[in-house]
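Working notes, structure below.
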Amino acid sequence: MCGIVGFTGSTPCKDILLTGLSLLEYRGYDSAGIAILDGARGMDVFRVKGRVEGLVKLVGNTPLFGTTGIGHTRWATHGKPSEVNAHPHRDCTGKIAIVHNGIIENFSELRTQLIEQGHVFISETDSEVIAHLLERAYEGDMRVAMTETIAQLEGAYTIVAVHADHPDEIVAVRKSSPLVVGCAEGCAVVASDTPALIEVTRDVVFPDDGVVCVLHSGGTVDYFDGDGVPVSPETVHIDWSIDEAKLGGYEDFMDKEIAEQPRVVRDTLAGRVKDGRVIIDELALTAEDIAAIDRVYIIACGTSYHAGLIAKNLIEAWSRIPCDVEVASEFRYRDPIVSPSTLVIAVSQSGETADTVEAVQLARTHGARVFAITNSVGSRITRESDGVIYAQAGPETCVAATKSFLAQVVALTLVALYLGQARGHLTCAQVRMFYREMQRLPEQITAILDDTTSIEHAAEIIDGATSALFIGRGIGATTCYEGALKLKEISYVHAEAFAAGEIKHGPIALVDEAMPVVALMIKSATRDKMVSNIAEVRARGAKVIGIATQGDPDAEHICDEVIYIPAVRECFSAITASVVLQVLARCVAKTRGCDVDKPRNLAKSVTVE
Ligand code: M6R
């Protein structure tokens with residue numbers, strides 16, 4: 001959950017490291033630091049509690065000419081955010097510096113052992129043991145020391161290390177945690193995610209677990225397996241550019257990423273239906289395979305889980321295959337009914353979410369066929385799954401998922417159409433019709449985003465509240481779960497979502513004048529039921545923000561504020577309504593002065609359990 005960057009080359013690396021860290025700050029932002037090797041001065045280390053901008057101020061104009069260095073932005077696990085707990089951590093000699101992402105599960109016993117041997121620890125982190133283990137193992141070769149060190153570690157890690165006696169070299173390794181390596185003329189770079197090295201190269205390597213990478217300042221990288229045997233990992237081309245990872249005139253990344261959604265929907269749909277047939281070659285399923293599926297499991301966390309809940313409605317409606325959606329952290333620790341006839345779809349924007357990847361592994365041990373829907377080329381989930389469908393969202397920097405969510409919903413909708421058609425429940429004509437309607441979604445989203453005045457007015461109802469309820473039915477209910485998550489995570493307003501039919505069974509006790517209610521009353525089979533539910537909460541004093549289909553005859557009379565959206569078929573309504581809920585959450589968060597891109601306590605990739 002931390003950002004890592006390392007550079008070795010022939011030009012001073014200070015600015016490269018600081019820029020790289022700011023591009024990766026979405027991965028963790030409670031402290032930051034860099035270590036730079038400078039032949040004459042040994043090693044300079046700067047660390048701060050707080051954001052990268054604080055680190056930039058601290059480093060200031062200090063003349064730093066070293067051309068090899070490492071940097072880190074932290075999301076605290078062991079030890080509170082503080083300068084002393086910030087990375088890089090050093091060994092007792094001060095010659096070795098490391099940055100680490102992940103959790104060393106056996107750090108306590110290693111620490112005790114190292115202290116007994118005379119090592120002195122200065123932080124509360126699990127990571128510091130790595131620096132001391134490297135010190136203990138080092139006999140002149142950092143690669144060998146790293147191989148020996150990781151043999152003693154339990155848990156997940158990305159480790160990047162430097163030694164002052166090797167100012168032209170960086171050593172890196174990973175296990176169950178992200179790492180990407182690249183090189184160009186006269187330099188080599190390493191990072192926990194591609195944005196930090198895309199300006200140097202778009203041809204990158206995602207090393208396998210346990211492969212030790214040795215980066216040389218001349219612009220080469222050597223890779224070794226656990227026995228020290230050289231290996232040649234595959235190079236992957238990244239097809240997005242650095243401009244996509246920059247703000248480009250928007251106020252914040254959330255604003256930019258919301259605005260990109262028409263393009264994202266278009267790209268995710270592109271080329272998926274030909275002659276009335278849904279094409280998802282990535283699934284590589286034969287007609288017999290599809291006929292044999294007796295259950296679909298969608299496993300995911302957070303926003304991706306909500307995309308799964310929406311898809312359940314479509315998969316069951318169109319293919320008649322039972323579909324269960326489960327939070328990955330629950331699935332992996334129980335005894336789910338999974339067999340070779342189960343189709344598992346794992347959904348993860350980052351492809352690195354520890355619980356989701358572990359759940360994938362569990363499903364595969366039971367013989368299930370597992371497909372991933374992810375936004376991240378080369379991510380862990382892509383190696384663990386039988387097939388991958390890429391959501392075409394491009395880099396997402398705001399911690400709150402927006403465009404990646406829409407891409408997931410669209411991709412899952414295509415999978416639902418595919419299964420429905422393959423099982424003989426949807427004709428080519430129906431597929432064509434649905435696809436045509438989906439192709440209109442980008443312009444409908446654009447229409448919503450072109451005039452957000454009514455959303456801004458509605459946000460005023462929530463601005464001063466401490467809690468809000470979201471209610472809907474069917475796909476509207478699942479859309480509400482995501483709307484409530486968006487609001488709470490970026491504005492810190494407590495929000496809960498309920499299937500509207502459930503409110504009389506308890507939640508309505510919460511309703512009074514101080515509890516705004518966001519109600520999805522879009523055209524659907526249950527729209528009239530929603531009208532009654534709205535009346536019930538209004539009768540108890542709630543101010544209601546209604547999201548209704550353009551032309552709805554009642555909305556204005558029964559809601560305090562109405563946000564109208566273009567008419568779409570109910571099965572696609574999550575796609576348009578979610579855009580409204582994203583904008584609503586952002587408006588509330590902005591008014592409350594929150595940092596929408598980096599909400600407190602969160603990080604973009606949850607690579608630890
Ligand atoms: O990368 P993933 O999709 O696996 O991440 C899962 C959740 O951590 C993520 O969706 C999270 O809930 C969102 N960032 C919230 O907006």
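Other residues whose C-beta falls under 15 angstrom from the C-beta of Glu169 contribute a net charge of -3, scoring Lys and Arg +1 and Asp and Glu -1. Shown here are the Rg and Dmax of the Cα trace of region 447-591, at 13.3, 39 Å.
Over the residues of region 477-517, compute the C-alpha Rg and express it relative to 2.2 N^0.38 Å. Can you show the working numbers first?
On the way: Rg = 10.6 Å, N = 41, 2.2 N^0.38 = 9.0 Å.
Rounded to two decimals, the normalised Rg is 1.17.
Its Cα gyration tensor gives region 384-515 an equivalent ellipsoid; the semi-axes, largest first and in whole Å, are 32, 19, 16.
Put the Cα centre of region 454-482 next to the Cα centre of region 8-72 and the gap is 42 Å. Helix 441-450 and the longest principal axis of the C-alpha atoms of the chain enclose an angle of approximately 90°. Set against the 2.2 N^0.38 Å expectation for a compact globular protein, region 31-94 has a Cα radius of gyration ratio of 1.11.
Using a Förster radius of 51 Å, what is the FRET efficiency between Met433 and Glu105 based on their Cβ-Cβ separation? Nearest 0.05, please. Intermediate values should be presented prior to the final figure.
Details: r = 53 Å, r/R0 = 1.03.
For Met433 and Glu105, the calculated efficiency is 0.45.
Protection proxy ranking of 122-128, 32-38, by the mean of other Cβ atoms within 10 Å over each peptide's residues and highest first, is 32-38, 122-128.
In terms of overall dimensions, the C-alpha atoms belonging to the chain reach 77, 57, 43 Å along their principal axes, ordered largest to smallest. Distance between the 7 Å Cα→Cβ label points at Glu116 and Glu139: 2.3 nm.
The gain in end-to-end length when the Ala184 to Thr62 segment is fully stretched comes to 41.2 nm, 0.36 nm per residue minus the alpha carbon separation. Once you divide the Cα radius of gyration of region 296-380 by 2.2 N^0.38 Å, the number left is 0.99. Largest first, the extents of the alpha carbon coordinates of region 3-247 on the three principal axes equal 50, 42, 34 Å. Take the Cα of Ser339, go 7 Å toward its beta carbon, and the backbone nitrogen atoms of region 352-389 under 15 Å from that spot belong to 366-369.
Could you give the distance between the Cα centres of region 375-442 and region 577-597, to the whole Å? One Cα centre to the other: 25 Å. Restricting the calculation to alpha carbons of region 515-571 gives Rg and Dmax of 10.6, 32 angstrom.
With R₀ set to 56 Å, the beta-carbon distance separating Arg423 from Glu513 gives a calculated FRET efficiency near 0.65. Relative to its Kirkwood radius, the Cα radius of gyration of region 67-125 gives an Rg/Rh of 0.96.
Once the gyration tensor of the Cα atoms in region 1-124 is diagonalised, the equivalent ellipsoid follows with semi-axes of 24, 18, 12 Å, ordered largest first. Protection proxy ranking of 200-209, 185-194, by the mean of other Cβ atoms within 10 Å over each peptide's residues and highest first, is 185-194, 200-209. Each Lys and Arg contributes +1 and each Asp and Glu -1, all at the Cβ; summed about the Cα centre of the chain, the dipole is approximately 1300 debye. Across every pair of non-identical alpha carbons in region 79-202, the mean reciprocal distance, once inverted, gives a Kirkwood radius of 15.0 Å. When only Cα pairs below 8 angstrom with a gap of at least 6 residues are kept, the chain shows a relative contact order of 12 percent.
Taking a quarter of the surface of the Cα convex hull of region 255-439 gives a mean projected area of 9.4 nm².
Of Lys175/Lys604; Lys312/Lys504; Lys523/Lys543, which sit over 23 Å apart, Cα to Cα? Over 23 Å apart, Cα to Cα: Lys312/Lys504. Simple spin-label estimate for Thr77 and Lys523 gives 5.0 nm between the two label positions (7 Å along the Cα-to-Cβ direction from each Cα).
Out of region 1-80, which trypsin sites (Lys or Arg not before Pro) are coil in DSSP terms and have no more than 16 other C-beta atoms within 10 Å?
Passing both the DSSP loop test and the Cβ count: Arg41.
Here the spin labels are modelled as points 7 Å beyond Cα on the Cα-Cβ line, and at Glu496 and Val231 they lie 4.9 nm apart.
Rule-based calculations on the coordinates, nothing more; no lab input. As the structure is a computational prediction, the values presented were derived from the model and not from experiment. As a convention, Cβ positions derive from the backbone with ideal geometry for all residues, glycine included, and neighbour counts pool all protein chains shown.
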